[in-house]
Amino acid sequence: MRRPIPAALAALTAAMAVLAPVPAASAAATTLHAAPSGTGIACTAADPCSLPAAQAAVRSLVGTMSGDLVVELADGVYRLSEPLRLTAADSGHHGHRVVWRAAPSARPVLTGARAVTGWTVADAGKNIWRANVGAGIDARQLYVDGAIATRARTRVNRSDFTFASAGLGFSSPALGYLNNLARPDRVEVESVNSFTDRYSPVRSISGNFITMRQPAWNNNTFGYDTLAAPHRAGPFYLANAYEFLDSPGEWYLDPGSGTLFVVPPAAQDPEKVSVELPVLQSLVSVGGTYDAPAHDLTFSGLTFTGTSWLGPSGDQGYADQQTGAYLAGGWNWPADRLTSCQNGCPQFEAARPHWRQMPAAVQVSAAERITFGDSEFVNLGQTAIGIGNDANAHTSGVGLGARDITITGSEIARNSAGGIVVGGVRAEAHHPGDQRMVNRNITVGDNRLHDLGVDYRGSVSVLTTYVTTTDVSYNEVYNLPYTGMSIGYGWGSNDAGGSDHYAKRGLYNYQPRYSTPTTASGNRLTGNHIHDVMQQMNDGGCIYTLAWNPGAQIGGNHCERANGHFGVYFDEGSKYYTVTGNVFSATGTWATANYWGGENMGNWTLTGNWSANGSTNVTHGDRGNVVHGNVTVTGGAWPPGAQAVMANAGPRNGTQWSPR
């Protein structure tokens, strides 16, 4: 039986139902049929069509809809030659919906990858195999038997390199072979830091010096938690050279010759396993314009897989800032940035308002009443789902403007970056000039999000930035390198009145100091089970908050095994959060606030929580905080109230999702 829905959630659901358009009188649905090998335009069960033909048929029928219009996908793999883009022309009308769903008992797969076959031995001594995939194809991911493989790499010691304005010098004889790499221009430097995971591509290597490509190198070596001076120095890699192929499971792709090389596990024949090479950078774009948004679309029972975002492979690299936002473009870098701007500087603040967001595999913007259910988003080379992000993260060229979007009962797993990112980070997201840009009423419920951040470790399962009314409830989140869930953005710099701390940094020389609130309000994290997070990074926790969020509620969540890091972490500018009835087991400090440079913080209500660690720096009466009734539990003797929270957290019984 489905567990009871809390009264507040039930009230929210009822309110949203009132706001939803009233459907027309029910009528029989019209069903079109598609298949991986479909041809023609009949789109019948006996003569199914292809996905493009089905889309064309939908467009011809939506104007006269008298019931739902269903595209039923037969079992099998649909290999897309280009992303599926759905606009207002593909949308439901007259109170009815266009539904893209799996046929009964089918599990159709929409993929941007191609199968790789035709393997031969390239180097028997090193067990390197090769296959021809066609010249000009590039990818940052490869999937072998459903698991992401590792790009050829070698872990090196930071201490063996000296950092210079143009790149890296080295003197160790053990690194001399780097001067003779066949394709040094394919190599990248990766630095796993405190909360950023940075990639900077190489231009050339000679004379014991690695010359880096620009502007990636400059952008990765100024600001905070930089490649040159991380707050925490994690692993340091050189990646993506044929010569680095030395471990089972590694691979390397040479786009010039079109040759893919792999080192399979011992005694494994590549011809007897599934090898998928992604060739598309995104799969699905749902969005129109603010005048004509996409609307009334449902996706059910589908698997979305097989993408590779190539942004980090170019001159921009990936100058990670936090949770999928990154720095690109040319800036007024200080000439001595390697000494003067390793913990922020005014020139870095000039770039802050222009951060970009990682484009997701499935993108939703300028759209209303869009639903994804009982689906899988797996083996994707980036963030899985982006909802109402900034325009630079959408292939449609139109960002924001996502309303009444629902993702339920699905699995989001084994992806290179995060699970779901809702909202943008730029000015139009937090202070839009057009109210149609506001992201609102987003529901993420009863999903399982796990094994994320495989390549871009500074990612979280669900991030909501500048959004009005999100309900992120009853999800299970686990096996993440960084924070479990994150709510809010901007470090308080964009909230009403701004921040004196950011004024001293120089930010307001480059953007307004706003006098009005942002669009972030009424957002909820409820009943989630978050465990086994913070496995590689630090400066995070089970639940992380930023900036003002009036009416925000964090309740009924069960957080456990945060690798010694925080339970709930109020970072800079966090204000107006209510944290009630949560359980924090096997975490570090259960509630912490980063007051460093974070004025205008507080007005938090922390009541009725249970923790195995009574440590906190959030106190009653300070900064308008209300703190009482929180219980420290020892010896695992959780009282009945805590046990009820632990039992109820995570996907509810009766949801459609099931392991596949």
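The values are calculated or read from the model by the stated rules, or taken from the named source; none is laboratory data. Because the structure is a prediction, the values reported are computed rather than measured. Note that each Cβ is placed from the backbone with ideal geometry, even for glycine, and that neighbours are counted across all protein chains shown. Keep in mind that these areas ignore ligands, DNA and RNA; they rest on the heavy atoms of the full protein, side chains included. Shrake-Rupley method; radii C 1.70, N 1.55, O 1.52, S 1.80 Å.
In summary, the lysines within cross-link reach of Lys272, defined as a Cα separation below 30 angstrom excluding same-chain residues under 8 places away, comprise Lys126.
The loop-placed trypsin sites (Lys or Arg not before Pro) in region 99-151, going by DSSP, that have at most 15 neighbouring Cβ atoms within 10 Å of their Cβ come out as Lys126. The three principal axes of the C-alpha atoms in the chain carry coordinate ranges of 74, 71, 52 Å, sorted with the longest axis first. Our analysis of region 371-487 gives Rg over Rh at 0.96, with the two radii drawn from alpha carbon positions and Rh computed by the Kirkwood formula. Shown in residue order for region 328-336 are the 3J(HN,Hα) couplings computed by the Karplus curve 6.51 cos²θ - 1.76 cosθ + 1.60 at θ = phi - 60°: 9, x, x, 9, 7, 5, x, 4, 9 Hz (x for Gly and Pro).
A straight chain from Gln536 to Ser247 at 0.36 nm per residue would run longer than the Cα-Cα distance by 101.9 nm. Here the dipole of the chain is about 340 debye; that uses its Cα centre as origin and unit charges on the Cβ of Lys and Arg (positive) and Asp and Glu (negative).
Apply the Debye scattering formula to region 473-537, with a single equal point scatterer on each alpha-carbon and no solvent, then give log10 I(q)/I(0) at q = 0.12, 0.27, 0.29 Å⁻¹. Log-scaled intensity ratios, in q order: -0.50, -1.07, -1.18. Across the alpha-carbon atoms of region 472-581, the computed radius of gyration and Dmax are 15.1, 43 angstrom.
For Asn617 and Asp315, calculate 0.36 nm times their separation in residues minus their Cα-Cα distance, and state this gained length in nm to one decimal.
104.4 nm
Using 0.36 nm per residue of separation minus the Cα-Cα distance, give me the extension gain between Thr64 and Ala496 in nm, one decimal. Don't jump to the answer; show the numbers that get you there.
Working: separation 432, 0.36 × 432 = 155.52 nm, distance 4.76 nm.
Full-extension gain reported as 150.8 nm.
Residues in the chain average 35 Å² of solvent-accessible surface per residue, probe 1.4 Å, ligands and nucleic acids excluded. Built from the Cα atoms of region 158-234, the convex hull projects on average onto 4.7 nm², one quarter of its surface area. Our compactness index for region 153-202, the C-alpha radius of gyration over the empirical 2.2 N^0.38 Å, is 1.19. For Gly258, nonlocal amide neighbours, meaning residues 5 or more places apart or on other chains whose placed amide H falls under 5 Å from its own, are Gly136.
If a spin label sat at a point 7 angstrom from the Cα of Thr580 along the line to its beta carbon, the backbone N atoms of region 474-506 nearer than 19 Å would be those of 474.
Here the translational diffusion coefficient of region 585-629 follows from Stokes-Einstein with Rh set to the Kirkwood radius across Cα pairs; for 4 °C and 1.567 mPa s it amounts to 115 µm²/s.
Here the 3J(HN,Hα) profile of region 591-596, calculated from phi with Karplus coefficients 6.51, -1.76 and 1.60 at θ = phi - 60°, is 9, 9, 10, 8, 7, 5 Hz, Gly and Pro shown as x.
Taking θ as phi - 60° and the Karplus parameters 6.51, -1.76 and 1.60, the scalar couplings of region 631-641 work out to 10, 8, 10, 10, x, x, 8, 5, x, x, x Hz in sequence order, x denoting glycine and proline.
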